[in-house]
Amino acid sequence: MGRLANHLLGSVLLSTLLAGCGFVQGLIGGGGAEGFAAGEAALKAGDLPGAVAAWEENAAANPADVDSATGAAFAALLKGDAAAADAALAAAEEGAGERLPELKLRRALVALRGGQLDAARTHGEASGRPEGKLIAAEVLLADGERDQAKALLEGVAGAGGALGATAQGYLDLMSAADPAVVGLSEATALWALGERKVAVRSAEELVKSLPDEQANRGELLLVWAGRAASVGETESARGMIDALTFAPEGQQWRKLATLAIVSCAEGDGATCSKQLKSLEGQAPSDGLADARATAAFLLASKDADAAREIAGSTQSYAAARALLEAGDAAGAAAASPAGAFAEFLKAGG
């Protein structure tokens, strides 16, 4: 149950993103055609089999329709089949007309889900949308093609908002005088693309090599140590924490929280729990809740009972995922915020 539902959680969240939330908000425009809307309603009610059936039936009747293809792609993602999702979207391209950019953007997102970075770049750039261009730029950066990435990022930076800020962040890293900082642009892109273990291994020596006088050295060490711990790269996390002589003002709790997560990742639930408890009243409540959820997820496969205790009663997708991994479906249902995944869990999965 736990691993299946965790997979479904990822699929539901990606499907929600593709449907119009987050940075592709507005692509569907109110839910699309009637058949798509029927599947969407079932998904929101937690009826995943009903959603899949509605979308697949709609796609069978209208294989070249954009909304039908979108539904079919969602259904495939809920089954973990990124290749089928892409095939469904590709089938609707010829007659998509002015909706072709949204299909291309969805294909880029599906390609990321399937780990097909070259395809993600191709479709992202072909979409012509700032979101797609950002994806393409990140793939180029991950491949070390900085000049091509820069050209795309400069265009996205002018779009403003969160996308523009993200693009500008990359450009700032790339324009730094220190080669190590420039290198972090590539590590950051790898992290954004889901290549997280590779990203932290790439970043470790870069951030450790930054001079002590660099203003944001401590912050960068904390960020990348936390990322390393969250994906179980405990040696890298410890190495970066060891290189942190002094945590930035007010951030000592993050250093201690990272060490706690490392302990959980290494299977030492007792030490992890003790370290997290020592932060109560010192760390921001939301920061401590995030640390608990991350630590519990990493510990769940090694010590489910300790993981459930560490996760506590926090309500978040991260906490729900941790409790599922620990085999506590009821606790996960209670922890999951309102939405499709919560309804799915309440219905018994």
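Here's a check for you: in segment 260-295, which residue that is among the charged types (D, E, K, R) and over 20 Å from the mean Cα position of the chain (by Cα) is nearest to residue 238 (Cα to Cα)?
266
Take residues that are among the β-branched types (Val, Ile, Thr) and tell me which of the helices (runs of 4 or more DSSP H) falling wholly in segment 116-205 contain 3 or more.
Of the helices (runs of 4 or more DSSP H) lying wholly inside segment 116-205, those with at least 3 residues that are among the β-branched types (Val, Ile, Thr) span 179-192.
For segment 296-317, how many residues are within 22 Å of the chain's Cα centre (by Cα), buried (at least 24 other Cβ atoms within 10 Å of the Cβ) and β-branched (Val, Ile, Thr)?
The total comes to 0.
Across segment 165-180, what is the total count of residues that are in contact (Cβ under 8 Å) with a residue 24 or more places away in the chain and either on the phi > 0 side of the Ramachandran plot or in contact with a helix residue (DSSP H, G or I) (Cβ under 6 Å, 6 or more places away or on another chain) (or both)?
4
Show the residue pairs meeting these rules: Cβ distance below 6 Å; 6+ apart or different chains; first residue within segment 296-312 and over 13 Å from residue 230 (Cα atoms); second residue of a type in the set (Ser, Thr, Tyr) and in a helix (DSSP H, G or I).
Final answer for the pair search is 310/273.
No lab work stands behind these numbers, since they all come straight from the coordinates. Nothing here was measured: the structure is a model prediction, and the numbers come from that model. Glycine also receives a Cβ, built like all others from the backbone with ideal geometry; neighbour counts cover every protein chain displayed.
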